[in-house]
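Heads up: the structure comes next, in structure tokens.
Please treat every number below as a calculation from the coordinates, not as lab data. All of these numbers come straight from a predicted model, not from anything done at the bench. Ideal geometry is used to build each Cβ from the backbone, glycine not excepted, and the neighbour counts take in all protein chains shown.
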Amino acid sequence: MEIKVGFEIAYTAPQPTPMVIMLGIHPSRFADIVGTERITAEPYAPIGFYRDSFGNVCGRLVAPAGGVTLRGHAVVRDSGLPDVVMPTAQQLPIDQLPDDLLLYLMPSRYCETDKLTDIAWSLFSKTEPGWARVQAIVDFVHGHVTFGYEHASFMKSAHDVYEQRAGVCRDFAHLALTFCRCMNIPARYCTGYLGDIGVPKDPAPMDFSGWFQAYLSGQWYTFDARHNHPRIGRILMGTGRDAADVALTTSFGRMDLAKFVVVTDEVVVA
């Protein structure tokens, strides 16, 4: 199948303001892009692209006084298959993990393993290591946390989510991946497009989505504690330790959000 993705995000700004954006498709999906992905700024501002330390594609620009509208669009080929489920995937001993994965066992801005380790071991120590343990964590978070956009807060950490029992998709991901780290399973945060493909259409406006990946049997596998079932059409944009590493936009000065539209739809062939 092919999936049309894109966005239109507008900000107002009282003066020229430097920005860093992470709105492009992840390099792991470059081969799936039909033609080219276009990201532009209006009024025109040149965007210089680079790779960050996690391998994500970022852009630098200076938004002009008055503000800027960022637009992007692409068509992406997709297998049409749901997220991979691999119940036989094994948890690797820490001493066998590659060096560059150790940071995904460490605490980070939104993922306080020090506050949640005792809780994690009390909940999951009797589960079978590997896929079954990660799935038990996902099942717990899915049942423990209530989804609602009114619960969104950029200050909310994994421990806050555990205590408040409410949040948005990034909060589900933060709590689940923190529990994984507490149980010595490398886990990283993911952001990207996830449309209503193969599921009933959500009446709420489309948004970017947050999920996580766990490292088992030598590779990364996708898990989604909010939805808790394999989904079709997930298109990765960025990965990092938590949401702080994959902020969609970062401004170095005062800017106010004026418009936010996200599109991700299956291309219907007549």
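What spacing in nm lies between the two simple spin-label points modelled at residue 119 and residue 84, each 7 Å away from Cα in the Cβ direction?
About 3.1 nm separates the two model spin labels.
Grab the Cα-Cα distance for residue 244 and residue 30, subtract it from 0.36 nm times how many residues apart they are, and report the gain in nm with one decimal.
On the way: separation 214, 0.36 × 214 = 77.04 nm, distance 2.35 nm.
Net length gain for the segment: 74.7 nm.
With a/c under 1.5 counting as rounded, go ahead and sort the chain into rounded, prolate or oblate using the C-alpha gyration tensor (a ≥ b ≥ c being the square roots of the eigenvalues; past the cut-off, prolate if a/b is larger than b/c, else oblate). Numbers along the way, then the final one.
Details: a/c = 1.74, a/b = 1.48, b/c = 1.18.
Note, shape of the chain comes out prolate.
Quick one: among 230, 43, 203, which has the greatest mean-square fluctuation in a GNM of the chain with alpha-carbon springs under 10 angstrom?
203
Using a 10 Å cut-off on Cβ atoms, rank the peptides 109-117, 11-19, 171-179 from the highest mean neighbour count down. Don't jump to the answer; show the numbers that get you there.
Details: 109-117: 19.2, 11-19: 16.1, 171-179: 30.2.
Peptide ranking by packing, descending: 171-179, 109-117, 11-19.
Pull out the extension gain between residue 52 and residue 152, defined as 0.36 nm times the separation in residues minus the alpha carbon to alpha carbon distance; nm, one decimal.
Details: separation 100, 0.36 × 100 = 36.00 nm, distance 2.65 nm.
Separation in residues times 0.36 nm, less the Cα-Cα distance, equals 33.4 nm.
Quickly work out the residue 261-to-residue 38 label distance, labels modelled 7 Å from Cα along the C-beta direction, and quote it in nm with one decimal.
Inter-label distance under the simple model: 1.5 nm.
Grab the other residues whose beta carbon is less than 9 angstrom from that of residue 74, score K and R as +1, D and E as -1, and report the net. Show your work: numbers first, answer last.
Working: positive: 4, 38; negative: 37.
Surrounding charge for residue 74 is +1.
With just the Cα atoms defining each centre, how far is the stretch 239-254 from the stretch 67-104? Give it in Å.
Computed from Cα coordinates, the inter-centre distance equals 18 Å.
Give me the dipole magnitude in Debye, nearest 20, for the stretch 94-240 about the Cα centre, with unit charges on the beta carbon: positive for Lys and Arg, negative for Asp and Glu.
Details: 13 positive and 16 negative charges, 42 e Å.
Rounded to the nearest 20 debye, it is 200 debye.
What is the extension gain from residue 269 to residue 204, computed as 0.36 nm multiplied by their sequence separation minus the C-alpha to C-alpha distance, in nm to one decimal?
Answer, rounded to one decimal: 20.9 nm.
How many lysine pairs does the chain hold where the Cα atoms are under 29 Å apart and the two sit 8 or more places apart or on different chains?
On the way: 4/201; 4/259; 115/126; 115/156; 126/156; 156/201; 156/259; 201/259.
Lysine pairs meeting the criterion: 8.
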